[in-house]
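*Asks:* Right, I'll just put the structure down here and ask away after.
Just so you know, all these numbers are worked out from the coordinates, no wet-lab data involved. Fair warning: this is a prediction, and the values are worked out from it, not measured in the lab. Positions of Cβ are backbone-derived with ideal geometry, glycine not excepted, and every protein chain shown enters the neighbour counts.
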Amino acid sequence: MAPRVVVVSLASDFGCQVQLTNMEDDLLDVLGLMDLTYWQLASSGHMPDAYDVAIIEGAVTTTEHVELLKDVRSKAAAVVAIGTCAVTGGIPALANTAGLETRYATVYGGGVAVAPGRIAPAPIDSIIDVDYHVPGCPIDTAEFLRGLSRVLQGLSDHMPDQMMCASCKVSENACFLEVGTVCLGLVTRAGCKAKCPSLGRPCTGCRGIAPDANLASAREVFARYGCDPASLASSLLVYNTAAEVTA
Amino acid sequence: MADLTVEHVARIEGHGNISVSVENGVVSSIRMDVVEPARFFESMVVGRRFDEAPLITSRICGICSPNHAVTSIKAIESALGVEVSERTKLLRKLLVYGSYLQNHATHLYVFAAPDFVGLPSVFPLAATHPDIVARALKIKKLGNELCNLVGGRSVHPVTAVIGGFTAEPDPRKLEAFREMLLDIAPDAVSTVELFASFEVPAFDTAGEMLALSSTDDYAIYEGEIAALDAGWRRPVSDYREVITESIVGHSNAKHTMVAGMPIIVGALPRLNINAGSLSAAGRDALAKAGLTMPSRNPFHTHLAQAVELVDAAERCAGYIGRLLEMGGSSAPVPFKIQAGEGAGATEAPRGTLYHGYGIDDDGFITRGDVITPTAQNLANLDADMRAFAPTIADRPRDEFILLIEQLVRAYDPCMSCAVH
């Protein structure tokens, strides 16, 4: 029997699900490998009670999300987190740099209270065990397909530990830091093949901080090339938590 | 009929519920509850560096991220007084239209069409109508590839930055895309014919229709705000005076009004206001669609989107022709970081999108403001549901729900955008 797959979305911009729909050439082939039981974005069916793989996009921002995740974990043999929102909290977690009360007051005016059930944005694996992570804002579809095929074969998680900087050297891109432009590639998780620098734009750190990253050393490198060392932590905040960027 | 709630309406972008209350057999209230949790983008950009605004706010919506990116860039450029080259403008138009092809094809075929053939999703169509699904994927794919070509990526483009582009497409690839665009023109015409063959309810909205309008081009990248009924035109810099936002209890998205009236934006208002700017192929498509302009029927949004597909294919092929001939550069122009206030607007696939920012002397953002197409449409969608529901209240429950859902989907709502 083909594995039964559900796609679930929490707080996100749906961009990673859009990336899934953008696999026009591969989508029908991939669908042949699995029984796509529930995909709210594309179908008016209802969430089933039994499935094997749950693909989850988005950060956790409500108690409803927490309950949903616990329910999904109790039913799915494998949970796959797709996109940086799900993996690190991503841009939704940028809200954590101020309290929720401040956020509500700024956007909705002083009189509006924090909604019941609203919680500080967090990554999925702060709530449940995640079997496979596909980072990126948005995800790269080839990396997702490799991950999905590993999941369907029962293989282990496979996120790169190294930094993006090395891929950029392999691509023979000119270094942004050397000309005093802030680039986060020296601490950001590899796996994107230096997509942005290869297109002339510095790394914005969308895959999160790599486990092998040395932030203290990166601050020294920033200083050496005339970039304000404090801008490393400030720039990393877009996709990482305050605790992570000052480590 | 009893009270009912349709939770997490399918085949729309984001999370929204339809709530219907019935008293003595009569629909006493009906509305769209936007349950998407608050997202705080306008607050999260405050204190960030000016060039992070497009990066962050493009994450409002993964479905129309090129439109958010371009609109945010324009607003920052307006605040800093940056003037970009004609070449940059043409490339940005291609990026915006890439998003149109992708979004309109997805909305028409994946979100809307299943309703008209009685299916829960587009997937079974792959078995019964492979030609239709192939056509949908072809248009959608070309839209994505156009965004890839110009922006480096279809979801969250990489190369579009303040002042210009960090990389340009290879001219040979541009040339190839001109051919591919002309090649999908017949598919776009078939899309018009397909949707013209679907019967839609006879229903007129009372809302005021707004769209950008320009004498130079079918306005998607720049223009003035134009009102169909009231007939006024206002510069985009006045958008905060024109559009008033309010907070409503049942929605994390604000509602908007213009002069106390609910408004409608999107393909239908655009076509109603700017039909005179259509390309020759677009005018032919409009004739094929059989629409009498102006149309006030929100269910005609599908046809208006299909006509825009035909127009876009021809128009984008023309832009590419000019890019190949004109020379010049799209490299980011130099600019000075200084304090300022700025507004930018474009026509996103779902309607007019506004971004506004304040920037301090050091380039940090002091104020962020975004008004999305769906946020503008929600009050009118509620008004339309209130007017439409009594006309179909005698239908069986499932048919009633389907028709209301169809009305919602005709607005092509994006709840993620609405709650930004």
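*Asks:* To the nearest 10 degrees, how steep is helix B:373-388 against the longest Cα principal axis of chain B, on a 0 to 90 scale?
*Replies:* With rounding to tens, the tilt is 20 degrees.
*Asks:* Here is a follow-up. Using +1 at the C-beta of Lys and Arg and -1 at the C-beta of Asp and Glu, which of B:P157, B:G25, B:F123 has the Cα lying farthest in the positive direction of the dipole of the protein assembly as shown?
*Replies:* So the residue furthest toward the plus end is B:P157.
*Asks:* Taking the Cα centre of chain B as origin, work out the dipole magnitude from +1 charges on Lys and Arg Cβ and -1 charges on Asp and Glu Cβ, in debye rounded to 20.
*Replies:* The dipole magnitude comes to about 580 debye.
*Asks:* Assign unit charges at the C-beta atoms only (+1 for Lys and Arg, -1 for Asp and Glu), then state the dipole size of chain A relative to its Cα centre in Debye, rounded to the nearest 20.
*Replies:* For chain A, the charge dipole is close to 500 debye.
*Asks:* Using only the Cα atoms of chain A, what do you get for the radius of gyration and for Dmax, in Å?
*Replies:* Calculated on Cα positions, Rg and Dmax stand at 19.1, 59 Å.
*Asks:* Can I ask one more? In the Gaussian network model of chain B, springs joining C-alpha atoms below 10 Å, which of B:V192, B:V248, B:V82 carries the largest mean-square fluctuation?
*Replies:* B:V248
*Asks:* Sticking with this one: Spelling out what I want: for every residue of the range B:262-272, take phi, set θ = phi - 60°, compute 6.51 cos²θ - 1.76 cosθ + 1.60 (Karplus), and round to whole Hz; glycine and proline get x.
*Replies:* Going residue by residue, I get x, 10, 10, 10, x, 5, 5, x, 4, 5, 4 Hz, with x marking Gly and Pro.
*Asks:* Quick check: net charge around A:S12, other residues with Cβ under 14 Å of its Cβ, Lys/Arg +1 and Asp/Glu -1?
*Replies:* Cβ neighbours under 14 Å give a net charge of -2.
*Asks:* Counting pairs of alpha carbon atoms under 8 Å apart in space and at least six apart in sequence, what relative contact order in percent does chain B give?
*Replies:* RCO, chain B: 26 percent.
*Asks:* Let me ask something additional. Nearest 20 debye, what's the magnitude of the dipole of the range B:107-249 about its Cα centre given +1 on Lys and Arg Cβ and -1 on Asp and Glu Cβ?
*Replies:* Dipole about the Cα centre, nearest 20: 560 debye.
*Asks:* Another question about this same structure. Sort by residue number and report every cysteine in chain A with no other cysteine beta carbon within a distance under 4.7 Å.
*Replies:* A:C16, A:C85, A:C165, A:C168, A:C175, A:C183, A:C192, A:C196, A:C203, A:C227, each lacking another Cys Cβ under 4.7 Å.
*Asks:* Relative contact order of the range B:145-246, please, whole-number percent, based on alpha carbon pairs below 8 angstrom and at least 6 residues apart.
*Replies:* Computed over the range B:145-246, the figure is 12 percent.
*Asks:* Same structure again: Between beta-carbons, use under 10 Å as the cut-off and find the net charge around B:A75, counting Lys and Arg +1, Asp and Glu -1.
*Replies:* -2
*Asks:* Once you have the alpha carbon radius of gyration of the range A:165-240, what is it after dividing by 2.2 N^0.38 Å, with N set to its residue count?
*Replies:* In units of the globular-protein estimate, the range A:165-240 measures up at 0.98.
*Asks:* If you average the sequence gap of Cα pairs under 8 Å that are 6 or more apart and divide by the length of chain A, what percent do you get for the contact order?
*Replies:* 17
*Asks:* Same structure again: How would you classify chain B from its alpha-carbon gyration tensor, with a ≥ b ≥ c the square roots of the eigenvalues: rounded for a/c under 1.5, else prolate if a/b is greater than b/c, otherwise oblate?
*Replies:* Here chain B falls in the oblate category.
*Asks:* For helix B:65-80, report the angle its Cα long axis makes with the longest principal axis of the Cα atoms of chain B; keep it between 0 and 90° and round to the nearest 10°.
*Replies:* Helix B:65-80 sits at roughly 50 degrees to that axis.
*Asks:* Same structure again: When B:T292, B:T352 are ordered from fewest to most other Cβ atoms inside 10 Å of their Cβ, what list results?
*Replies:* B:T292, B:T352
*Asks:* Report, ordered by chain and residue number, the lysines lying within cross-link reach of B:K336, taken as a straight Cα distance under 21 Å and ignoring same-chain residues fewer than 8 apart.
*Replies:* Here the lysines satisfying the reach criterion relative to B:K336 are B:K74, B:K89.
*Asks:* Return the loop-located GluC sites (Glu not before Pro) in the range A:126-198 (DSSP other than H, G, I, E, B) with at most 14 other Cβ atoms within 10 Å of their own Cβ; answer none if there are none.
*Replies:* Answer in residue order: A:E172.
*Asks:* Now for a different question. Do any GluC sites (Glu not before Pro) in the range B:319-354 lie in a loop, going by DSSP, with at most 12 other beta-carbon atoms within 10 Å of their beta carbon, and if so which?
*Replies:* Loop-located and lightly packed - none at all.
*Asks:* What does the helix-only formula give at 222 nm for the protein assembly as shown: each DSSP H stretch with n ≥ 4 adding -39500 (n - 2.57), the total divided by the residues, and the result rounded to the nearest 500 deg cm²/dmol?
*Replies:* Using -39500 (n - 2.57) per qualifying helix, the result is -12000 deg cm²/dmol.
*Asks:* For the protein assembly as shown, give the share of DSSP beta bridges that are antiparallel, in percent and rounded to the nearest 5; count only bridges with both residues there.
*Replies:* DSSP beta bridges in the protein assembly as shown are roughly 70 percent antiparallel.
*Asks:* Expressed as an acute angle from 0 to 90° and rounded to the nearest 10, what is the orientation of the C-alpha long axis of helix B:130-151 relative to the principal long axis of chain B?
*Replies:* Value to nearest ten degrees: 30.
*Asks:* Here's another thing I want to ask about it. With springs only between Cα atoms under 10 Å, which of B:D284, B:D187, B:D398 fluctuates most in a Gaussian network model of chain B?
*Replies:* Maximum fluctuation in the GNM of chain B, among the listed residues, is at B:D398.
*Asks:* Here is a further query. Mean-square fluctuation check for chain B, GNM, Cα pairs under 10 Å: which of B:V370, B:V46, B:V310 is largest?
*Replies:* Looking only at B:V370, B:V46, B:V310, the largest GNM fluctuation is found for B:V46.
*Asks:* While we're on this one: Taking +1 at the Cβ of each Lys and Arg and -1 at the Cβ of each Asp and Glu, which of A:A50, A:Q19, A:G147 sits farthest along the dipole of the range A:4-153 towards its positive end, judged by Cα position relative to the Cα centre?
*Replies:* With unit charges placed on the Cβ atoms, the residue in question is A:A50.
*Asks:* Here is a further query. Please state, to two decimals, what the Cα-based radius of gyration of the protein assembly as shown comes to when divided by 2.2 N^0.38 Å (N = residues).
*Replies:* Normalised Cα radius of gyration, the protein assembly as shown: 0.91.
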